[in-house]
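To keep things clear, I will list the structure first and then write my remarks on it.
The values are calculated or read from the model by the stated rules, or taken from the named source; none is laboratory data. What you are looking at is a predicted structure, and each value in this text was computed from that prediction instead of being measured. Please note: Cβ atoms are built from the backbone with ideal geometry, for glycine as well, and neighbour counts cover all protein chains shown.
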Amino acid sequence: MAAVENPEPVGLRPFHEFDEANATWPRGDRLEAIRTAADDFRRRFKGQGQVRAVRTVDLVSAGYPTRYAFGGAARGGPNPYVNILNRLVVVQFEDFEGRPRTLCWEPTVPEGSSEAPFYAQLIERYGEWLSQNVLANRYNTVEGALSQCGLTPGDVDFVAFDHLHVQDMRILMGTTRPVEGEYEPRKPVFPNASFLCQRKEVDTLRSPHPMQWAWYVPGGMDHVIEDNLVLIDGDVELGVGIALVSTPGHTDGNQSLVVNTPDGVWVSSENGVAADNWHPHLSKIPGVRKEAELMGREVILNSNTLEDSIDQYDSMVKEKALADPNRADPRWMNVFPSSELPAWKRQWPIVPSFTYGGMNYGSIEPAAS
């Protein structure tokens, strides 16, 4: 069994509007090139049409160091941890042959996430009860979230993450041999889905550098069933109104979901954990606006890893340039964190200045029998 090395056989179309911008040198000239390329792509992308439906369902919240969430800029919180809320995003769309398709974005399984060294050490430090009942909350399983949408895992055609931090892909993809301590190979959660991953992200999960190690599940790709693993090198469109855009920096293989909806284009990733990361000049979180003004920056990074902070900065500018203004408040662009900081009073004063809260468009339909 081997991974699919070319995304086109599964119906994906690579696109190249950003190729020249991504290669622009010196780096100080790159941002303007990225904005120009984003304008070109958005015009073509929106002209193709919109996705059929989008729905988000809360899965799990997790404790996350405040110093990482806003690159050390946030000030005044008595609690060194905030919570970030992971949501499953279900998108239904037509592929380029006119067939209905379903994408699952960010189907996180917390049992796997707890094996990442950072969270394993957190559990060891604070104990299992505090770690799983105070620093974390579970709202739905992946299967339960899909059920709320009227779907089963077998209805899903594509699965993707922005990056593979804290993901045990053996749980989702299944394995060809038993995991240590188990007696049988694992069965895939999504039996009919193609897993869309940037090649560099898969390589990193299989062999992380010490600077990357704490956030990747050890052995998280060992002996997975690779027949449905589709390796991507760059930007691809999945169908009408939906694309995955390469946004490296937070990790080498980071990618962002781009969808065209009745409220315009949305972009989703974990380059930030709140609207404040992409719009620090509007932030009311103590320290965030001041840091951006002091350093002359238009974004503030989510920085639990700093694989390439300049690339991450450029990627966040790209995301903001791709997105449309939010319908509720046009000062904020539709850049939706895949793990969003909720507006919980217990985290005061580290409370987001604007909360997206999810996406809900159209009607999710079960697969035709």
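Below is a table of values for the structure above.
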{"item": "Condition broken by Leu294, with the remaining ones in (1) modelled with pLDDT under 95; (2) over 17 Å from the mean Cα position of the chain (by Cα); (3) more than 26 Å from Lys46 (Cβ to Cβ) satisfied", "result": "(1)"}
{"item": "Flag if Ser309 is of a type in the set (Gly, Ala, Ser), under 22 Å from Pro65 (Cα atoms) and surrounded by fewer than 23 Cβ atoms within 10 Å (Cβ to Cβ)", "result": "yes"}
{"item": "Test: residue in segment 273-281 that is over 16 Å from Leu322 (Cα atoms), modelled with pLDDT of 95 or more and surrounded by fewer than 21 Cβ atoms within 10 Å (Cβ to Cβ)", "result": "yes"}
{"item": "Residue, surrounded by the fewest Cβ atoms within 10 Å (Cβ to Cβ), within segment 46-99, restricted to residues that are without any contact (Cβ under 8 Å) to a residue 60 or more places away in the chain and in contact with a helix residue (DSSP H, G or I) (Cβ under 8 Å, 6 or more places away or on another chain)", "result": "Pro80"}
{"item": "Residue satisfying condition, being modelled with pLDDT of 95 or more and not in a helix (DSSP H, G or I), within set Leu306, Leu301", "result": "Leu301"}
{"item": "Of residues in segment 148-179 being assigned to a loop (DSSP other than H, G, I, E, B) and polar (S, T, N, Q), the one farthest from Thr56 (Cα to Cα)", "result": "Thr176"}
{"item": "Hits in segment 1-58 - residues which are part of a strand (DSSP E or B), within 21 Å of Asn260 (Cβ to Cβ) and among the charged types (D, E, K, R)", "result": "Arg13, Arg55"}
{"item": "Residue among Arg331, Arg289 that alone is basic (Lys, Arg), assigned to a loop (DSSP other than H, G, I, E, B) and at pLDDT 95 or above", "result": "Arg331"}
{"item": "Which numbered condition Met221 misses (of (1) within 28 Å of Val258 (Cβ to Cβ); (2) free of Cβ contacts under 8 Å to residues at least 40 places away in the same chain; (3) of a type outside the set (S, T, N, Q))", "result": "(2)"}
{"item": "Residues satisfying the stated conditions in segment 100-113, i.e. buried (at least 22 other Cβ atoms within 10 Å of the Cβ) and among the aliphatic types (A, V, I, L, M)", "result": "Leu103"}
{"item": "Pair list, Cβ < 6 Å and 6+ apart or interchain, from segment 11-37 residues that are among the small types (Gly, Ala, Ser) to residues that are buried (at least 16 other Cβ atoms within 10 Å of the Cβ) and in a loop (DSSP other than H, G, I, E, B)", "result": "Gly11/Asp95; Ala33/Thr24; Ala37/Glu17; Ala37/Phe18"}
{"item": "Total residues in segment 319-328, condition assigned to a loop (DSSP other than H, G, I, E, B) and surrounded by 16 or more Cβ atoms within 10 Å (Cβ to Cβ)", "result": "3"}
{"item": "Members of segment 141-189 found to be charged (D, E, K, R), surrounded by 24 or more Cβ atoms within 10 Å (Cβ to Cβ) and touching a residue at least 60 places away in the same chain (Cβ under 8 Å), listed by number", "result": "Asp162"}
{"item": "Options Glu5, Glu32, Glu17: the member that is surrounded by 15 or more Cβ atoms within 10 Å (Cβ to Cβ), over 21 Å from the mean Cα position of the chain (by Cα) and of a type in the set (D, E, K, R)", "result": "Glu17"}
{"item": "Spans of strands (runs of 3 or more DSSP E) in segment 209-263 with at least 3 residues under 13 Å from the mean Cα position of the chain (by Cα) and closer than 25 Å to Pro110 by Cα", "result": "255-261"}
{"item": "Subset of segment 334-369 [hydroxyl-bearing (Ser, Thr, Tyr) and assigned to a loop (DSSP other than H, G, I, E, B)]", "result": "Ser338, Ser353, Thr355, Tyr356, Ser363, Ser369"}
{"item": "Lone unmet requirement of (1) outside any loop (DSSP other than H, G, I, E, B); (2) among the acidic types (Asp, Glu); (3) closer than 24 Å to Leu164 by Cβ for Asp276", "result": "(3)"}
{"item": "In segment 302-334, the residues that are more than 20 Å from Glu32 (Cβ to Cβ) and of a type outside the set (D, E, K, R)", "result": "Asn302, Ser303, Asn304, Thr305, Leu306, Pro325, Asn326, Ala328, Pro330, Trp332, Asn334"}
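Yes/no per residue for (1) among the polar types (S, T, N, Q); (2) touching a Gly at 6+ places or on another chain (Cβ under 8 Å):
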| position | (1), (2) |
| --- | --- |
| Asn271 | yes, yes |
| Ser283 | yes, no |
| Ala292 | no, no |
| Gly296 | no, no |
| Ile300 | no, yes |
| Ser315 | yes, yes |
| Met333 | no, no |
